């Protein structure tokens, strides 16, 4: 009986283990890069729609439909990245592409760490300005 019941015969075949490791690394990088590119594309879409919506609202001061629909669309786009990222993670887990999920989570962790570092730098900058008064 093989030691690993999920992949019989793989422990005797180093080339299959190597391919599996290469596939996992490929999936990991696909998750990292895909998450960053996808979220930057969403950011670009949000900025574009917000800009065009602001221009449309400035010219349509008495149009009640535009004053209601355009802000709703803009707010829906602001909220869209949250459920979309969660849905992509769940779908990748269902498809058993754990490398992609780990890559996406790694990119979110990296973004979180960068925001924390920026917060510390910003706080230091603010307090250093007040200490010179």
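So if we plug the beta-carbon distance of residue 36 and residue 69 into 1/(1 + (r/R0)^6) with R0 = 22 Å, what FRET efficiency do we get, rounded to 0.05?
About 0.10, to the nearest 0.05.
Could you give the spread of the C-alpha atoms of the range 64-108 along their three principal axes, from largest to smallest, in whole angstroms?
Its Cα atoms span 48, 19, 8 Å along the three principal axes.
How far, in nm, would the chain grow between residue 106 and residue 55 when pulled straight, counting 0.36 nm per residue and subtracting the alpha carbon separation?
Contour length minus the Cα-Cα distance gives 14.6 nm.
Using Stokes-Einstein with the Kirkwood hydrodynamic radius over Cα pairs, what translational diffusion coefficient do you get for the range 21-105 at 4 °C and a viscosity of 1.567 mPa s, in µm²/s rounded to a whole number? Write down the numbers at each step before the final one.
Numbers: Rh = 14.7 Å.
Value of D from the Cα-based Kirkwood radius: 88 µm²/s.
Taking the Cβ-Cβ separation of residue 87 and residue 123 as r and a Förster radius of 41 Å, what is the calculated FRET efficiency to the nearest 0.05?
0.75
Values quoted throughout were computed directly from the atomic coordinates according to the rules given, and no laboratory measurement underlies them. As the structure is a computational prediction, the values presented were derived from the model and not from experiment. Every residue, glycine as well, gets a Cβ built from its backbone with ideal geometry; the counts of neighbours run over all protein chains shown.
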